[in-house]
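K.L.:
My structure is below; once you've seen it, I'll send some questions.
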Amino acid sequence: MTTLTGETFESVDPATGAVVGTHPVHTADQVEAAVAAARDAADWWASLGFAGRAERLARWRAALARRMPELCRVITAETGKPAGDAQLELVLAIEHLAWAAKHARKELGPQRRAPGMLLANQVASVEYHPLGVVGVIGPWNYPVYTPLGSISYALAAGNAVVFKPSEYTPGVGRWLADAFAEAVPEHPVLQLVTGFGATGAALTTAGVDKIAFTGSAATGKKVMASAAETLTPVVIEAGGKDPLLVDADADLEAAADATVWGAFSNAGQTCAGVERVYVHERVYDAFVDKVVDKARKVEAGEHYGPMTMPSQVDVVRKHIDDALARGGRALVGGNGAVGERFVRPTVLVDVPEDCSAVREETFGPTVTIAKVADMDEAIEKANDSPYGLGSTVFSKSRGMELARRLRTGQTAINAPLSFAGIASLPFGGSGESGFGRIHGPEGLREFARPKSIARQRFTAPIALTSFARSKRTEAIVGKLIAKLHGKR
Ligand code: NDP
(Lines give C-alpha, C1' and ligand atoms only; values in the text may rest on other atoms or scores of the structure.)
Protein backbone atom coordinates (compact mmCIF):
# COMPACT_ATOMS: atom_id res chain seq x y z
CA MET A 1 0.00 0.00 0.00
CA THR A 2 1.29 3.51 -0.79
CA THR A 3 0.51 6.53 1.36
CA LEU A 4 -1.35 9.45 -0.10
CA THR A 5 0.03 12.01 2.31
CA GLY A 6 3.57 10.71 2.25
CA GLU A 7 3.71 11.00 6.04
CA THR A 8 6.08 8.52 7.63
CA PHE A 9 7.52 7.61 11.02
CA GLU A 10 10.68 5.89 12.15
CA SER A 11 11.13 2.84 14.30
CA VAL A 12 14.21 2.83 16.50
CA ASP A 13 16.42 0.36 18.32
CA PRO A 14 15.48 0.98 21.96
CA ALA A 15 18.95 -0.07 23.15
CA THR A 16 20.76 2.57 21.12
CA GLY A 17 18.17 4.97 19.75
CA ALA A 18 19.39 4.21 16.19
CA VAL A 19 16.77 4.39 13.44
CA VAL A 20 16.07 0.93 12.05
CA GLY A 21 13.22 1.61 9.63
CA THR A 22 10.78 4.12 8.13
CA HIS A 23 7.11 3.30 7.77
CA PRO A 24 4.00 5.03 6.44
CA VAL A 25 1.44 6.62 8.73
CA HIS A 26 -1.73 5.23 7.22
CA THR A 27 -4.71 7.55 7.20
CA ALA A 28 -8.29 6.62 8.05
CA ASP A 29 -9.13 6.53 4.31
CA GLN A 30 -6.29 4.16 3.65
CA VAL A 31 -7.32 1.93 6.53
CA GLU A 32 -10.84 1.81 5.09
CA ALA A 33 -9.44 0.95 1.66
CA ALA A 34 -7.43 -1.88 3.22
CA VAL A 35 -10.54 -3.25 4.92
CA ALA A 36 -12.50 -3.01 1.65
CA ALA A 37 -9.75 -4.94 -0.17
CA ALA A 38 -9.71 -7.45 2.67
CA ARG A 39 -13.42 -8.06 2.20
CA ASP A 40 -12.91 -9.36 -1.34
CA ALA A 41 -9.90 -11.35 -0.22
CA ALA A 42 -11.97 -12.82 2.63
CA ASP A 43 -14.48 -14.31 0.16
CA TRP A 44 -11.71 -16.03 -1.75
CA TRP A 45 -9.96 -17.19 1.42
CA ALA A 46 -13.21 -18.62 2.82
CA SER A 47 -13.92 -20.39 -0.48
CA LEU A 48 -10.63 -22.32 -0.19
CA GLY A 49 -12.04 -24.38 2.66
CA PHE A 50 -10.04 -25.79 5.54
CA ALA A 51 -7.67 -27.86 3.39
CA GLY A 52 -6.88 -25.02 0.96
CA ARG A 53 -6.20 -22.62 3.80
CA ALA A 54 -4.16 -25.15 5.78
CA GLU A 55 -1.99 -25.74 2.73
CA ARG A 56 -1.30 -22.02 2.32
CA LEU A 57 -0.80 -21.42 6.04
CA ALA A 58 1.77 -24.25 5.97
CA ARG A 59 3.67 -22.32 3.29
CA TRP A 60 3.73 -19.23 5.51
CA ARG A 61 4.74 -21.32 8.49
CA ALA A 62 7.58 -22.89 6.50
CA ALA A 63 8.84 -19.42 5.56
CA LEU A 64 8.74 -18.32 9.21
CA ALA A 65 10.63 -21.44 10.28
CA ARG A 66 13.19 -21.28 7.44
CA ARG A 67 13.88 -17.56 7.84
CA MET A 68 13.84 -17.52 11.64
CA PRO A 69 17.28 -15.87 12.07
CA GLU A 70 16.27 -13.06 9.69
CA LEU A 71 13.02 -12.31 11.52
CA CYS A 72 14.77 -12.60 14.90
CA ARG A 73 17.14 -9.83 13.83
CA VAL A 74 14.16 -7.57 13.06
CA ILE A 75 12.56 -8.39 16.43
CA THR A 76 15.81 -7.66 18.25
CA ALA A 77 16.36 -4.42 16.33
CA GLU A 78 12.95 -3.05 17.28
CA THR A 79 12.52 -4.42 20.80
CA GLY A 80 16.13 -4.82 21.97
CA LYS A 81 15.43 -8.33 23.25
CA PRO A 82 18.25 -10.93 23.05
CA ALA A 83 18.29 -13.19 19.97
CA GLY A 84 17.42 -16.26 22.06
CA ASP A 85 14.28 -14.57 23.40
CA ALA A 86 13.30 -13.42 19.90
CA GLN A 87 13.67 -17.02 18.75
CA LEU A 88 11.61 -18.31 21.69
CA GLU A 89 8.62 -16.13 20.84
CA LEU A 90 8.90 -17.09 17.19
CA VAL A 91 9.10 -20.81 18.01
CA LEU A 92 5.93 -20.55 20.11
CA ALA A 93 4.16 -18.54 17.40
CA ILE A 94 5.03 -21.17 14.78
CA GLU A 95 3.70 -23.95 17.02
CA HIS A 96 0.43 -22.05 17.50
CA LEU A 97 0.09 -21.41 13.76
CA ALA A 98 0.58 -25.12 13.07
CA TRP A 99 -2.01 -26.08 15.68
CA ALA A 100 -4.60 -23.59 14.43
CA ALA A 101 -4.29 -24.70 10.80
CA LYS A 102 -4.35 -28.40 11.73
CA HIS A 103 -7.34 -28.25 14.06
CA ALA A 104 -9.57 -25.71 12.32
CA ARG A 105 -11.64 -28.32 10.49
CA LYS A 106 -12.23 -30.44 13.59
CA GLU A 107 -13.18 -27.48 15.78
CA LEU A 108 -15.11 -25.40 13.23
CA GLY A 109 -16.45 -27.92 10.74
CA PRO A 110 -19.98 -29.34 10.98
CA GLN A 111 -20.77 -31.07 14.27
CA ARG A 112 -23.93 -33.07 15.01
CA ARG A 113 -26.01 -32.08 18.02
CA ALA A 114 -28.76 -34.10 19.66
CA PRO A 115 -32.16 -32.75 18.47
CA GLY A 116 -34.03 -33.75 21.64
CA MET A 117 -37.07 -35.97 21.96
CA LEU A 118 -39.70 -33.52 20.73
CA LEU A 119 -37.79 -32.85 17.54
CA ALA A 120 -36.38 -36.32 16.99
CA ASN A 121 -37.36 -36.04 13.31
CA GLN A 122 -34.65 -33.38 12.82
CA VAL A 123 -30.94 -33.66 12.16
CA ALA A 124 -29.29 -30.88 14.16
CA SER A 125 -25.83 -29.57 13.38
CA VAL A 126 -23.65 -26.56 14.05
CA GLU A 127 -20.74 -25.26 12.05
CA TYR A 128 -18.56 -22.22 12.48
CA HIS A 129 -18.33 -19.77 9.59
CA PRO A 130 -15.71 -17.05 9.23
CA LEU A 131 -16.66 -13.57 10.42
CA GLY A 132 -15.18 -11.89 7.33
CA VAL A 133 -12.50 -9.30 8.11
CA VAL A 134 -10.75 -9.21 11.48
CA GLY A 135 -8.77 -6.17 12.62
CA VAL A 136 -5.81 -7.03 14.84
CA ILE A 137 -4.17 -4.31 16.96
CA GLY A 138 -0.91 -5.60 18.36
CA PRO A 139 1.56 -4.65 21.07
CA TRP A 140 5.35 -4.35 21.02
CA ASN A 141 6.41 -6.67 23.85
CA TYR A 142 6.05 -9.89 21.85
CA PRO A 143 5.55 -8.44 18.37
CA VAL A 144 5.25 -11.88 16.70
CA TYR A 145 3.83 -14.25 19.32
CA THR A 146 1.11 -11.96 20.64
CA PRO A 147 -0.51 -10.67 17.42
CA LEU A 148 -0.15 -14.11 15.83
CA GLY A 149 -2.21 -15.47 18.72
CA SER A 150 -5.09 -13.68 17.01
CA ILE A 151 -3.89 -13.56 13.39
CA SER A 152 -3.12 -17.29 13.03
CA TYR A 153 -6.42 -18.36 14.56
CA ALA A 154 -8.44 -15.76 12.62
CA LEU A 155 -6.84 -16.86 9.33
CA ALA A 156 -7.29 -20.57 10.08
CA ALA A 157 -10.96 -19.85 10.80
CA GLY A 158 -11.28 -18.39 7.29
CA ASN A 159 -11.05 -14.64 7.88
CA ALA A 160 -8.97 -12.00 6.16
CA VAL A 161 -6.95 -9.85 8.55
CA VAL A 162 -5.87 -6.22 8.65
CA PHE A 163 -3.05 -5.90 11.16
CA LYS A 164 -1.97 -2.70 12.92
CA PRO A 165 1.28 -3.39 14.80
CA SER A 166 2.52 -1.14 17.60
CA GLU A 167 4.31 2.00 16.48
CA TYR A 168 7.41 0.52 18.19
CA THR A 169 7.46 -2.65 16.07
CA PRO A 170 6.16 -1.83 12.58
CA GLY A 171 9.14 -3.54 10.91
CA VAL A 172 8.22 -6.88 12.48
CA GLY A 173 4.65 -6.42 11.24
CA ARG A 174 5.93 -5.55 7.75
CA TRP A 175 8.11 -8.65 7.70
CA LEU A 176 5.22 -10.92 8.72
CA ALA A 177 2.83 -9.45 6.14
CA ASP A 178 5.43 -9.59 3.34
CA ALA A 179 6.25 -13.23 4.13
CA PHE A 180 2.53 -14.02 4.06
CA ALA A 181 2.09 -12.26 0.70
CA GLU A 182 4.91 -14.38 -0.74
CA ALA A 183 3.26 -17.55 0.55
CA VAL A 184 -0.25 -16.47 -0.51
CA PRO A 185 0.23 -14.12 -3.48
CA GLU A 186 -3.30 -14.38 -4.93
CA HIS A 187 -5.22 -11.96 -2.69
CA PRO A 188 -4.39 -9.55 0.16
CA VAL A 189 -5.60 -11.90 2.89
CA LEU A 190 -3.23 -10.41 5.49
CA GLN A 191 -2.58 -6.69 5.17
CA LEU A 192 -0.58 -4.31 7.28
CA VAL A 193 -1.49 -0.77 8.26
CA THR A 194 1.07 1.22 10.25
CA GLY A 195 1.08 4.41 12.25
CA PHE A 196 0.17 5.58 15.72
CA GLY A 197 -2.91 5.24 17.92
CA ALA A 198 -5.03 7.11 15.35
CA THR A 199 -4.39 4.40 12.74
CA GLY A 200 -5.49 1.77 15.27
CA ALA A 201 -8.54 3.86 16.13
CA ALA A 202 -9.38 4.12 12.40
CA LEU A 203 -9.25 0.33 12.13
CA THR A 204 -11.88 -0.07 14.84
CA THR A 205 -14.38 1.99 12.82
CA ALA A 206 -13.41 0.87 9.31
CA GLY A 207 -16.08 -1.79 8.99
CA VAL A 208 -14.23 -4.84 10.30
CA ASP A 209 -16.26 -7.74 11.67
CA LYS A 210 -14.20 -8.07 14.86
CA ILE A 211 -11.32 -6.33 16.58
CA ALA A 212 -8.67 -8.30 18.45
CA PHE A 213 -6.76 -5.93 20.68
CA THR A 214 -3.70 -6.50 22.87
CA GLY A 215 -2.31 -3.66 24.95
CA SER A 216 -3.22 -1.60 27.99
CA ALA A 217 -6.63 -1.77 29.67
CA ALA A 218 -6.98 2.00 29.16
CA THR A 219 -6.62 1.74 25.39
CA GLY A 220 -8.71 -1.44 25.38
CA LYS A 221 -11.60 0.57 26.83
CA LYS A 222 -11.23 3.19 24.09
CA VAL A 223 -11.18 0.48 21.43
CA MET A 224 -14.30 -1.12 22.89
CA ALA A 225 -16.10 2.24 23.09
CA SER A 226 -15.47 3.06 19.46
CA ALA A 227 -16.28 -0.48 18.33
CA ALA A 228 -19.57 -0.18 20.22
CA GLU A 229 -20.78 2.46 17.73
CA THR A 230 -21.13 -0.24 15.07
CA LEU A 231 -21.73 -3.16 17.47
CA THR A 232 -18.42 -4.58 16.31
CA PRO A 233 -17.38 -7.36 18.70
CA VAL A 234 -14.00 -7.18 20.37
CA VAL A 235 -11.58 -9.51 22.10
CA ILE A 236 -9.41 -7.66 24.58
CA GLU A 237 -6.12 -8.94 26.00
CA ALA A 238 -5.10 -6.19 28.35
CA GLY A 239 -2.32 -7.28 30.64
CA GLY A 240 -2.21 -8.34 34.24
CA LYS A 241 -0.65 -8.26 37.68
CA ASP A 242 0.09 -11.94 37.83
CA PRO A 243 0.71 -13.61 41.19
CA LEU A 244 2.93 -16.59 41.95
CA LEU A 245 2.12 -18.67 45.05
CA VAL A 246 4.72 -20.68 46.97
CA ASP A 247 3.31 -23.34 49.28
CA ALA A 248 5.17 -24.75 52.31
CA ASP A 249 5.92 -28.01 50.46
CA ALA A 250 7.07 -26.36 47.21
CA ASP A 251 10.31 -27.09 45.43
CA LEU A 252 11.89 -23.78 46.46
CA GLU A 253 14.73 -23.95 43.98
CA ALA A 254 12.27 -24.34 41.09
CA ALA A 255 9.92 -21.71 42.51
CA ALA A 256 12.75 -19.19 42.86
CA ASP A 257 13.95 -19.93 39.35
CA ALA A 258 10.42 -19.44 37.97
CA THR A 259 10.03 -16.20 39.92
CA VAL A 260 13.25 -14.75 38.60
CA TRP A 261 12.59 -15.78 35.02
CA GLY A 262 8.89 -14.94 35.14
CA ALA A 263 9.57 -11.49 36.58
CA PHE A 264 12.70 -10.38 34.73
CA SER A 265 12.74 -12.08 31.33
CA ASN A 266 11.89 -9.70 28.50
CA ALA A 267 12.64 -6.93 31.04
CA GLY A 268 9.35 -7.80 32.75
CA GLN A 269 7.43 -6.66 29.68
CA THR A 270 5.22 -9.74 29.62
CA CYS A 271 1.46 -9.50 30.04
CA ALA A 272 1.42 -12.77 32.00
CA GLY A 273 4.80 -12.22 33.66
CA VAL A 274 5.23 -12.68 37.42
CA GLU A 275 4.71 -9.36 39.23
CA ARG A 276 3.94 -10.37 42.83
CA VAL A 277 4.73 -13.43 44.93
CA TYR A 278 2.97 -14.78 48.04
CA VAL A 279 5.02 -17.24 50.09
CA HIS A 280 4.03 -19.49 52.98
CA GLU A 281 5.70 -18.18 56.15
CA ARG A 282 7.38 -21.54 56.83
CA VAL A 283 9.52 -21.24 53.68
CA TYR A 284 9.55 -17.46 53.22
CA ASP A 285 13.14 -16.77 54.37
CA ALA A 286 14.64 -19.68 52.45
CA PHE A 287 12.70 -18.73 49.32
CA VAL A 288 13.65 -15.05 49.49
CA ASP A 289 17.35 -15.98 49.91
CA LYS A 290 17.17 -18.11 46.78
CA VAL A 291 15.42 -15.40 44.74
CA VAL A 292 17.93 -12.77 45.86
CA ASP A 293 20.82 -15.05 44.99
CA LYS A 294 19.45 -15.76 41.52
CA ALA A 295 18.32 -12.20 40.83
CA ARG A 296 21.83 -10.86 41.54
CA LYS A 297 23.11 -12.98 38.67
CA VAL A 298 20.65 -11.56 36.13
CA GLU A 299 22.09 -8.74 34.06
CA ALA A 300 20.11 -6.12 32.18
CA GLY A 301 21.57 -5.93 28.69
CA GLU A 302 22.69 -9.55 28.77
CA HIS A 303 19.78 -11.69 29.98
CA TYR A 304 17.18 -9.24 28.80
CA GLY A 305 17.04 -6.06 26.78
CA PRO A 306 16.08 -2.44 27.32
CA MET A 307 12.61 -1.08 28.06
CA THR A 308 11.10 -1.06 24.58
CA MET A 309 8.80 1.89 25.27
CA PRO A 310 10.75 4.82 26.80
CA SER A 311 7.78 6.08 28.86
CA GLN A 312 7.62 2.73 30.70
CA VAL A 313 10.83 3.61 32.56
CA ASP A 314 8.93 6.31 34.49
CA VAL A 315 6.16 3.87 35.44
CA VAL A 316 8.71 1.40 36.82
CA ARG A 317 10.53 4.16 38.74
CA LYS A 318 7.28 5.43 40.26
CA HIS A 319 6.24 1.95 41.40
CA ILE A 320 9.63 1.32 43.03
CA ASP A 321 9.69 4.78 44.67
CA ASP A 322 6.15 4.37 45.99
CA ALA A 323 6.99 0.95 47.46
CA LEU A 324 10.15 2.24 49.15
CA ALA A 325 8.46 5.40 50.47
CA ARG A 326 5.75 3.27 52.07
CA GLY A 327 8.09 0.99 54.03
CA GLY A 328 9.09 -1.51 51.38
CA ARG A 329 12.69 -2.67 51.07
CA ALA A 330 14.67 -3.46 47.92
CA LEU A 331 16.77 -6.58 48.49
CA VAL A 332 18.06 -6.36 44.94
CA GLY A 333 18.02 -3.20 42.79
CA GLY A 334 15.85 -0.32 43.95
CA ASN A 335 15.50 3.19 42.56
CA GLY A 336 19.13 3.20 41.44
CA ALA A 337 18.32 0.23 39.20
CA VAL A 338 16.28 2.38 36.84
CA GLY A 339 18.51 3.72 34.07
CA GLU A 340 17.66 5.70 30.98
CA ARG A 341 16.97 2.68 28.79
CA PHE A 342 17.77 -0.36 30.90
CA VAL A 343 16.33 -1.32 34.28
CA ARG A 344 18.25 -3.75 36.52
CA PRO A 345 16.33 -6.49 38.39
CA THR A 346 14.57 -5.27 41.52
CA VAL A 347 13.26 -7.51 44.31
CA LEU A 348 10.96 -5.74 46.77
CA VAL A 349 9.74 -7.04 50.15
CA ASP A 350 7.55 -5.63 52.94
CA VAL A 351 5.55 -3.62 50.39
CA PRO A 352 2.04 -2.65 51.58
CA GLU A 353 -0.64 -4.35 49.49
CA ASP A 354 -2.18 -1.04 48.40
CA CYS A 355 1.02 0.24 46.76
CA SER A 356 1.10 0.72 42.99
CA ALA A 357 3.89 -1.90 42.85
CA VAL A 358 1.34 -4.48 44.05
CA ARG A 359 -1.86 -3.17 42.46
CA GLU A 360 -0.90 -1.78 39.05
CA GLU A 361 0.77 -3.40 36.08
CA THR A 362 4.47 -2.44 36.35
CA PHE A 363 5.58 -4.07 33.08
CA GLY A 364 9.19 -3.88 34.19
CA PRO A 365 11.85 -6.16 35.77
CA THR A 366 10.56 -5.87 39.33
CA VAL A 367 8.83 -8.27 41.68
CA THR A 368 7.26 -7.93 45.13
CA ILE A 369 7.45 -10.82 47.61
CA ALA A 370 5.06 -11.03 50.58
CA LYS A 371 4.83 -13.48 53.48
CA VAL A 372 1.48 -15.19 54.15
CA ALA A 373 0.31 -17.29 57.11
CA ASP A 374 -1.22 -19.96 54.88
CA MET A 375 -2.37 -20.58 51.34
CA ASP A 376 -5.88 -19.26 52.06
CA GLU A 377 -4.33 -15.88 52.70
CA ALA A 378 -2.22 -16.27 49.56
CA ILE A 379 -5.33 -16.99 47.47
CA GLU A 380 -7.22 -14.09 49.01
CA LYS A 381 -4.41 -11.62 48.29
CA ALA A 382 -3.73 -13.01 44.83
CA ASN A 383 -7.41 -12.66 43.91
CA ASP A 384 -7.68 -9.17 45.35
CA SER A 385 -6.77 -7.52 42.06
CA PRO A 386 -8.67 -5.77 39.30
CA TYR A 387 -6.74 -7.99 36.89
CA GLY A 388 -7.28 -11.68 36.20
CA LEU A 389 -4.89 -12.89 33.52
CA GLY A 390 -2.38 -15.57 34.57
CA SER A 391 -1.00 -17.06 37.76
CA THR A 392 1.49 -19.65 38.94
CA VAL A 393 1.42 -22.08 41.84
CA PHE A 394 4.33 -23.96 43.36
CA SER A 395 3.04 -26.76 45.56
CA LYS A 396 3.75 -30.49 45.71
CA SER A 397 0.42 -31.60 47.16
CA ARG A 398 -2.16 -28.87 46.49
CA GLY A 399 -1.34 -27.57 43.01
CA MET A 400 -4.67 -28.33 41.33
CA GLU A 401 -6.74 -27.17 44.28
CA LEU A 402 -4.94 -23.83 44.53
CA ALA A 403 -4.98 -23.35 40.75
CA ARG A 404 -8.76 -23.78 40.67
CA ARG A 405 -9.23 -21.17 43.39
CA LEU A 406 -7.21 -18.51 41.56
CA ARG A 407 -9.49 -16.12 39.66
CA THR A 408 -7.32 -15.93 36.56
CA GLY A 409 -7.79 -17.16 33.02
CA GLN A 410 -4.89 -19.60 33.27
CA THR A 411 -2.61 -21.03 35.92
CA ALA A 412 0.74 -22.80 35.61
CA ILE A 413 1.61 -25.36 38.28
CA ASN A 414 5.26 -25.93 39.21
CA ALA A 415 6.60 -24.21 36.08
CA PRO A 416 6.52 -20.63 34.82
CA LEU A 417 4.10 -19.57 32.04
CA SER A 418 3.74 -23.11 30.69
CA PHE A 419 0.14 -22.48 29.56
CA ALA A 420 1.36 -19.90 27.02
CA GLY A 421 3.27 -22.54 25.08
CA ILE A 422 0.42 -25.06 24.85
CA ALA A 423 -1.44 -24.25 21.65
CA SER A 424 -4.52 -26.29 22.57
CA LEU A 425 -5.17 -24.17 25.70
CA PRO A 426 -7.24 -20.99 25.48
CA PHE A 427 -5.59 -17.81 26.71
CA GLY A 428 -7.32 -14.71 28.05
CA GLY A 429 -8.41 -12.89 31.16
CA SER A 430 -11.18 -11.26 33.12
CA GLY A 431 -11.73 -7.86 34.73
CA GLU A 432 -9.11 -5.29 33.70
CA SER A 433 -7.27 -8.07 31.85
CA GLY A 434 -10.02 -8.08 29.24
CA PHE A 435 -12.20 -10.85 27.89
CA GLY A 436 -12.49 -13.36 25.10
CA ARG A 437 -9.94 -16.02 24.30
CA ILE A 438 -7.14 -16.56 21.82
CA HIS A 439 -5.42 -19.95 21.24
CA GLY A 440 -7.01 -23.40 21.39
CA PRO A 441 -10.48 -24.35 20.13
CA GLU A 442 -11.90 -21.29 21.93
CA GLY A 443 -9.44 -19.09 20.05
CA LEU A 444 -10.59 -20.47 16.71
CA ARG A 445 -14.24 -19.98 17.66
CA GLU A 446 -13.53 -16.41 18.80
CA PHE A 447 -13.10 -15.61 15.11
CA ALA A 448 -16.09 -17.55 13.81
CA ARG A 449 -19.85 -17.30 13.77
CA PRO A 450 -21.80 -20.34 14.92
CA LYS A 451 -24.27 -21.44 12.29
CA SER A 452 -26.99 -23.81 13.49
CA ILE A 453 -28.87 -25.94 10.99
CA ALA A 454 -31.89 -28.15 11.73
CA ARG A 455 -32.80 -30.42 8.80
CA GLN A 456 -36.07 -32.32 8.85
CA ARG A 457 -35.66 -36.00 8.03
CA PHE A 458 -39.33 -36.99 8.08
CA THR A 459 -42.68 -35.46 9.00
CA ALA A 460 -43.24 -35.73 12.73
CA PRO A 461 -46.26 -37.71 13.90
CA ILE A 462 -46.94 -34.85 16.30
CA ALA A 463 -46.99 -31.51 14.47
CA LEU A 464 -46.40 -28.70 16.97
CA THR A 465 -45.54 -25.78 14.70
CA SER A 466 -48.58 -25.76 12.46
CA PHE A 467 -52.05 -24.26 12.66
CA ALA A 468 -53.14 -27.83 11.92
CA ARG A 469 -52.06 -28.77 15.47
CA SER A 470 -54.94 -30.59 17.13
CA LYS A 471 -56.23 -30.41 20.71
CA ARG A 472 -55.30 -34.10 21.00
CA THR A 473 -51.67 -33.33 20.07
CA GLU A 474 -51.55 -30.58 22.68
CA ALA A 475 -52.91 -32.97 25.31
CA ILE A 476 -50.39 -35.70 24.43
CA VAL A 477 -47.46 -33.26 24.57
CA GLY A 478 -48.67 -31.79 27.84
CA LYS A 479 -48.87 -35.24 29.46
CA LEU A 480 -45.53 -36.31 28.04
CA ILE A 481 -43.68 -33.28 29.38
CA ALA A 482 -45.36 -33.52 32.79
CA LYS A 483 -44.28 -37.16 32.98
CA LEU A 484 -40.73 -36.49 31.80
CA HIS A 485 -39.92 -33.36 33.77
CA GLY A 486 -42.50 -33.16 36.50
CA LYS A 487 -41.23 -35.83 38.89
CA ARG A 488 -39.68 -33.88 41.77
P1 NDP B 1 -1.43 0.73 24.20
O2 NDP B 1 -2.55 -0.02 24.78
O3 NDP B 1 -1.56 2.21 24.09
O4 NDP B 1 -1.08 0.20 22.73
C5 NDP B 1 -1.41 -1.10 22.25
C6 NDP B 1 -1.78 -1.00 20.77
O7 NDP B 1 -2.95 -0.18 20.62
C8 NDP B 1 -0.72 -0.33 19.90
O9 NDP B 1 -0.70 -0.94 18.63
C10 NDP B 1 -1.22 1.08 19.82
O11 NDP B 1 -0.72 1.79 18.74
C12 NDP B 1 -2.70 0.87 19.69
N13 NDP B 1 -3.53 2.04 20.03
C14 NDP B 1 -3.21 3.12 20.81
N15 NDP B 1 -4.27 3.94 20.92
C16 NDP B 1 -5.29 3.38 20.23
C17 NDP B 1 -6.65 3.74 19.98
N18 NDP B 1 -7.19 4.84 20.48
N19 NDP B 1 -7.40 2.92 19.22
C20 NDP B 1 -6.88 1.77 18.73
N21 NDP B 1 -5.61 1.39 18.91
C22 NDP B 1 -4.82 2.17 19.66
O23 NDP B 1 -0.16 0.35 25.03
P24 NDP B 1 1.26 1.01 25.09
O25 NDP B 1 2.09 0.41 24.02
O26 NDP B 1 1.19 2.51 25.15
O27 NDP B 1 1.70 0.47 26.53
C28 NDP B 1 1.11 1.02 27.70
C29 NDP B 1 0.93 -0.02 28.76
O30 NDP B 1 0.11 -1.06 28.30
C31 NDP B 1 2.21 -0.73 29.15
O32 NDP B 1 2.84 0.02 30.10
C33 NDP B 1 1.72 -2.04 29.68
O34 NDP B 1 1.36 -1.89 31.03
C35 NDP B 1 0.47 -2.30 28.86
N36 NDP B 1 0.71 -3.23 27.74
C37 NDP B 1 0.23 -4.49 27.86
C38 NDP B 1 0.48 -5.40 26.86
C39 NDP B 1 -0.02 -6.78 26.95
O40 NDP B 1 0.66 -7.70 26.51
N41 NDP B 1 -1.21 -7.00 27.44
C42 NDP B 1 1.25 -5.06 25.68
C43 NDP B 1 1.65 -3.69 25.62
C44 NDP B 1 1.38 -2.83 26.64
P45 NDP B 1 0.59 2.69 18.91
O46 NDP B 1 1.66 1.79 19.48
O47 NDP B 1 0.89 3.09 17.54
O48 NDP B 1 0.20 3.79 19.86
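K.L.:
Go through (1) more than 24 Å from the chain's Cα centre (by Cα); (2) crowded, with 24+ Cβ neighbours inside 10 Å one by one and return the number of the condition Asp251 breaks.
P.N.:
Every condition holds for Asp251 apart from (2).
K.L.:
Residue check: is Thr146 in contact with a Gly (Cβ under 7 Å, 6 or more places away or on another chain) and touching a residue at least 40 places away in the same chain (Cβ under 8 Å)?
P.N.:
yes
K.L.:
Has segment 237-248 got at least one residue that is buried (at least 17 other Cβ atoms within 10 Å of the Cβ), more than 15 Å from the ligand (Cβ to nearest atom), under 18 Å from the mean Cα position of the chain (by Cα) and within 21 Å of Val351 (Cβ to Cβ)?
P.N.:
yes
K.L.:
Among the residues of segment 51-61 satisfying the criterion of being touching a residue at least 60 places away in the same chain (Cβ under 8 Å) and surrounded by fewer than 22 Cβ atoms within 10 Å (Cβ to Cβ), which is nearest to Val172 (Cα to Cα)?
P.N.:
Here the answer is Arg59.
K.L.:
If a residue must be modelled with pLDDT of 90 or more and among the small types (Gly, Ala, Ser), how many such residues does segment 454-467 contain?
P.N.:
Residues that pass the stated criteria total 2.
K.L.:
Also, I was wondering about something else. Restricting to segment 113-136, give me the number of residues that are under 30 Å from Ala267 (Cα atoms) and either more than 16 Å from the ligand (Cβ to nearest atom) or not assigned by TED's automatic domain parsing to the domain that holds Gln191 (or both).
P.N.:
Result for segment 113-136: 0.
K.L.:
For segment 269-295, name all the residues that are farther than 30 Å from Gly215 by Cα and part of a loop (DSSP other than H, G, I, E, B).
P.N.:
Glu281, Arg282, Val283
K.L.:
List the number of the failed condition for Gly84; all other conditions in (1) in contact (Cβ under 8 Å) with a residue 24 or more places away in the chain; (2) out of contact with any Asp or Glu (no Cβ under 9 Å at 6 or more places or on another chain) hold.
P.N.:
So the condition that Gly84 fails would be (1).
K.L.:
Of the conditions (1) within 16 Å of the ligand (Cβ to nearest atom); (2) modelled with pLDDT under 95; (3) not acidic (Asp, Glu), Gly434 satisfies every one except a single condition; which number is it?
P.N.:
Of the numbered conditions (1) within 16 Å of the ligand (Cβ to nearest atom); (2) modelled with pLDDT under 95; (3) not acidic (Asp, Glu), the odd one out for Gly434 is (2).
K.L.:
Going residue by residue through segment 128-144, is there one that turns out to be crowded, with 24+ Cβ neighbours inside 10 Å and of a type in the set (S, T, N, Q)?
P.N.:
yes
K.L.:
Go through (1) among the aliphatic types (A, V, I, L, M); (2) out of contact with any Lys or Arg (no Cβ under 7 Å at 6 or more places or on another chain); (3) farther than 21 Å from His439 by Cβ and name the single condition Ala15 misses.
P.N.:
Going through the list (1) among the aliphatic types (A, V, I, L, M); (2) out of contact with any Lys or Arg (no Cβ under 7 Å at 6 or more places or on another chain); (3) farther than 21 Å from His439 by Cβ, Ala15 breaks only (2).
K.L.:
Moving on. Please go through segment 274-317 and pick out each residue that is under 26 Å from Glu380 (Cβ atoms) and in contact (Cβ under 8 Å) with a residue 60 or more places away in the chain.
P.N.:
Within segment 274-317, Val274, Glu275, Arg276, Val277, Tyr278, Val279, His280, Glu281, Tyr284, Phe287, Val288, Val291 meet the criteria.
K.L.:
Then there is this: Just to verify a result, which residue in segment 194-234, among those that are under 14 Å from Glu167 (Cα atoms) and aliphatic (A, V, I, L, M), is surrounded by the fewest Cβ atoms within 10 Å (Cβ to Cβ)?
P.N.:
Per the stated criteria, the residue is Ala198.
K.L.:
Hey, another quick one. Any residue that is among the charged types (D, E, K, R) and touching a Pro at 6+ places or on another chain (Cβ under 6 Å) - is there at least one of those in segment 175-188?
P.N.:
Looking through segment 175-188, none of the residues is among the charged types (D, E, K, R) and touching a Pro at 6+ places or on another chain (Cβ under 6 Å).
K.L.:
Then there is this: Name the helices (runs of 4 or more DSSP H) wholly inside segment 378-488 in which the number of residues that are loosely packed, with under 13 Cβ neighbours inside 10 Å and touching a residue at least 24 places away in the same chain (Cβ under 8 Å) is 1 or more.
P.N.:
Per the criteria, 471-485.
The values are calculated or read from the model by the stated rules, or taken from the named source; none is laboratory data. Source: prediction; values computed, not measured. Note that we place each Cβ from the backbone using ideal geometry, even for glycine, and neighbour counts take in every protein chain shown.
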